[in-house]
Amino acid sequence: MNKIMWSRLTGAVLWLCLGSAWAFDPFVVQSIEVQGLARHDVSRVYRAINLNVGERVDEERVRQMTRELFKTGYFSDVGFSRTGDTLVIRVVERPSIARFTVTGNKEIPSDKLLQGLRDVGLAEGRAFDRSVLEQVEQELRRQYFSNGRYAVKIDTQVKEESDNRVAVAITIDEGKVASIRRINIVGNEAFSDEELLKPLRARSKSWWRLFGSRDRYSQQTFSGDLETLTSFYQDRGYLNFRVESTQVSLSPDKESIYLTVNVYEGPKYQVSDVALLGELVLPESQLRPLVTIRPGDTFSRQAATESAKKISERLGDEGYAFAQVEPMTDIDEANRQVKINLLVKPGNRYYVRNVNFRGNVTTQDQALRREMRQYEGASFAASEITRSRVRLARLPFIEQADVKVNPVPGESDRVDVDFEVTERSAGAFQVGVGYSSGQGVLVNANVSHSNWFGTGNRVSLDFVTSEFSRNYSASLTQPFYTLDGVSRTISLFQRSTDSLTRVSSRFDTDTWGGSLRYGIPVTEYDSIRLGGSFRSTQLTVLEGRTPQKIIDFVDQNGDSFNALTLDTGWIRDTRNRTVFADKGYIHRLFADIAVPAVDLEYYKLTYDYEHYFPFNRYLTGSARIGIGYADSYGDTTDLPPYEKFFAGGINSVRGYRGSSLGTRDEYNNPLGGNFRTITQLEMFFPTLLGESRNTRLSVFLDAGNVFDTYEDFDAGEVRASTGVGFQWLTPILGLLEFAVAYPLNDEPGDDTEVFSFTFGATF
């Protein structure tokens, strides 16, 4: 007979004897004897029974001590008897866990699972309790069921070992996540099934969602969708809407889920009035325009909440840091109308005592403080604090920025503003390979530091070489060259080319020079650029390869040129992000003029406009317009060939080979032009892999071309294309772009390409 079975038999015998033991007369205990202990110290028994020598024992006291000993969890059986004036306690110890293993778990991390098991007493060295193990099995099944894994199998094995010990092994076969095959909504009349299912995260399985995860059932997701459904109706006037019941049906193979939601819509309500109540510290005439819902409108809880939020933010800009605006409703059931009362509780008006920064190890406080729009000693302004946080988050050496507003203890009108930043590595050494349609294969190396000595200044050394060109550059950017935010960039460069692009006219250039530019902020979103550059260029024609038009330019203007250009520009940028923006716009207007009395006299004008507008949380529209014009003046007979515009390729008109559009020379190579126009319309949406800030798909319509001059512009010559694009912000290669495009109006001689891509560094 094994040891565990023997202990259980012994315990049963003790309990049979216990009935007669309780028949003894009450007595005063003169000594206590404990029998059956092997691993546990006798002090554990003494602490549990809480009995001292000299105290009286009766049947009720024995029952109490029995309960306390079982509560310890160390014993499977307990018995009491009397020998003279000695109380004898006989115990049977539970076996201890010698080994504990869990295998097969992928959904629940092992460290989290084992910690949870230790919390309930299942760990090596602990006493083994079969009932606890059974509870754990049930809890594991519940967790897997809640994540849609109804086919989970949990097998527990308890193996006896020597010295009253056991080895416990839990083997888990998680099975597949059940997929949602169908979602049925019953009771809806005001809205169709398609309208109601659209905002839900859960989706039924379809072939186009083969790589997604939204068709996988999760109890948590389903509960969230029910709340979304309720909000959908309440935002459209159905105040009494409720979900009456739900059914979750499982297929026999436990791999398919059928969901049924029974709803009660109720009547539709309209707004009868909107009142501003409470302490109006600002004139109602200033607060009323912030209310977006009006009498006569269909009631919307979201609109009421949004109005309250806008009023609260407005009060926040006036120093009321903790202002509260509570939307309350008075419902007229008979007339199906709702009166909205916005109760204003401004609280105290606050001033900022200190602006503090935490988390910046390498970055000086000064480099962060200059981004602030909320100043110490000034009145609290919520919008300025928010803008300060956004400016911090946009810094290249800051990964994340959070802000908290904390009242100053003992003061009723002052707060501290605490910014918590997470720094990213500011220094980088990169070596990579890239490709572009215009430059071919590129090899690049970069040494840069975006936070030099913690000052926020950026230094950079670059080397880029391709099949047709070599580029070397060094630059220093000081974002705050002056205290009022004027930036300065100094750069030096050297560039040698065999041709401008892989398909353009053939000639060699060797250029070196430098530039000095200042960026001057005008408003929070507007800035102007002023600067100049000097370039010295040697142009070499190639016998039998260079077109006659470029040879004529060299004959008339020479082959060695010095150019001193003055450049100015205006930028207005309201985008929420610089990469993968989904809201806002950017205007860029630049003018470069080569000053007279130097070798060349010419000018270039460019204008770009990009606008991003979200349709919903998944779809973002984009529109881009680009116009460029350049020409010579004075004694220079033509625009230098290396300053010409080109079009075609992934960044202009996809579906046509990079830089291939426009007029061609006698060798059938693109010659470039003085005038360029580009238009791009694009719709971005998440990839099949799910929502991500690093990847996105798009459908697009591109149009544009290059012309000799603006007078040569012909709408009939504008090339157009449509297709599908893919963008991926990689950690190593930077932004990678693919495009599959179909030209809509290509002509004979056009150099088209269906597939194009670019990655790595380009210039």
| message | For residue 88, only one of the following conditions fails: (1) hydrophobic (A, V, I, L, M, F, W, C); (2) surrounded by fewer than 17 Cβ atoms within 10 Å (Cβ to Cβ); (3) closer than 27 Å to residue 166 by Cβ; (4) modelled with pLDDT of 90 or more. What is its number? | response | (3)
| Quick check, is residue 576 in contact with an Asp or Glu (Cβ under 9 Å, 6 or more places away or on another chain) and within 18 Å of residue 509 (Cβ to Cβ)? | no
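Yes/no matrix, rows are residues, columns are (1) over 27 Å from the mean Cα position of the chain (by Cα); (2) within 25 Å of residue 251 (Cβ to Cβ); (3) at pLDDT below 85:
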position: 159; (1), (2), (3): yes, no, no
position: 162; (1), (2), (3): yes, no, yes
position: 170; (1), (2), (3): yes, no, no
position: 175; (1), (2), (3): yes, yes, yes
position: 192; (1), (2), (3): yes, no, no
position: 196; (1), (2), (3): no, yes, no
position: 204; (1), (2), (3): no, yes, yes
| In region 279-307, the residues that are buried (at least 16 other Cβ atoms within 10 Å of the Cβ) and either touching a Cys at 6+ places or on another chain (Cβ under 9 Å) or within 15 Å of residue 237 (Cβ to Cβ) (or both) | 293, 299, 300, 301, 303, 304
| Which of the residues that make up region 517-572 are over 23 Å from residue 495 (Cβ atoms), among the aliphatic types (A, V, I, L, M) and in a loop (DSSP other than H, G, I, E, B)? | 522
| note | When region 239-278 is checked residue by residue, the ones that are in contact with a Lys or Arg (Cβ under 6 Å, 6 or more places away or on another chain) and either in a loop (DSSP other than H, G, I, E, B) or free of Cβ contacts under 8 Å to residues at least 12 places away in the same chain (or both) are 255, 267, 269
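Regarding residue 677, is this residue buried (at least 18 other Cβ atoms within 10 Å of the Cβ) and either part of a strand (DSSP E or B) or of a type in the set (Lys, Arg) (or both)? Even if it seems obvious, please write down each step before you answer.
Numbers: buried (at least 18 other Cβ atoms within 10 Å of the Cβ): yes; either part of a strand (DSSP E or B) or of a type in the set (Lys, Arg) (or both): yes.
Yes, satisfied.
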| note | By residue number, the members of region 704-746 that are more than 28 Å from residue 605 (Cβ to Cβ), at pLDDT 90 or above and either polar (S, T, N, Q) or part of a loop (DSSP other than H, G, I, E, B) (or both) are 722, 744, 746
| field | Every pair of residues 6+ apart whose Cβ atoms lie under 7 Å, when the first sits in region 561-572 and is within 17 Å of residue 523 (Cβ to Cβ) while the second is acidic (Asp, Glu) | value | 572/526
| field | Unmet criterion (only one of (1) of a type in the set (D, E, K, R); (2) in a strand (DSSP E or B); (3) within 21 Å of residue 577 (Cβ to Cβ)) for residue 353 | value | (3)
| task | Output the residue which, of all residues in region 241-278 that are exposed (fewer than 12 other Cβ atoms within 10 Å of the Cβ) and either in contact with a Pro (Cβ under 6 Å, 6 or more places away or on another chain) or charged (D, E, K, R) (or both), is nearest to residue 151 (Cα to Cα). | result | 253
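Working only within region 556-571, note down all residues that are of a type in the set (Ser, Thr, Tyr) and either over 12 Å from residue 602 (Cα atoms) or out of contact with any strand residue (DSSP E or B) (no Cβ under 8 Å at 6 or more places or on another chain) (or both).
Initial filter on region 556-571 (of a type in the set (Ser, Thr, Tyr)): 560, 565, 568.
560, 568 - these are the residues of region 556-571 that are of a type in the set (Ser, Thr, Tyr) and either over 12 Å from residue 602 (Cα atoms) or out of contact with any strand residue (DSSP E or B) (no Cβ under 8 Å at 6 or more places or on another chain) (or both).
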| How about region 370-409: which of its residues are without any contact (Cβ under 8 Å) to a residue 60 or more places away in the chain, surrounded by fewer than 16 Cβ atoms within 10 Å (Cβ to Cβ) and more than 25 Å from the chain's Cα centre (by Cα)? | 375, 376, 377, 378, 406, 408, 409
| Only one residue in 527, 533 is within 30 Å of residue 694 (Cβ to Cβ), of a type outside the set (Val, Ile, Thr) and buried (at least 17 other Cβ atoms within 10 Å of the Cβ), so which one is that? | 527
| message | Any residue at all in region 150-162 that's within 30 Å of residue 36 (Cβ to Cβ), out of contact with any strand residue (DSSP E or B) (no Cβ under 8 Å at 6 or more places or on another chain) and surrounded by fewer than 18 Cβ atoms within 10 Å (Cβ to Cβ)? | response | yes
| remark: Exactly one of 455, 489, 477 is polar (S, T, N, Q), within 34 Å of the chain's Cα centre (by Cα), farther than 30 Å from residue 654 by Cα and modelled with pLDDT under 85, and that residue is 455
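The values are calculated or read from the model by the stated rules, or taken from the named source; none is laboratory data. What you see is a predicted model; the values in this text were computed from it and never measured. Counting neighbours? That spans all protein chains shown, and the Cβs are built from the backbone with ideal geometry, glycine included.
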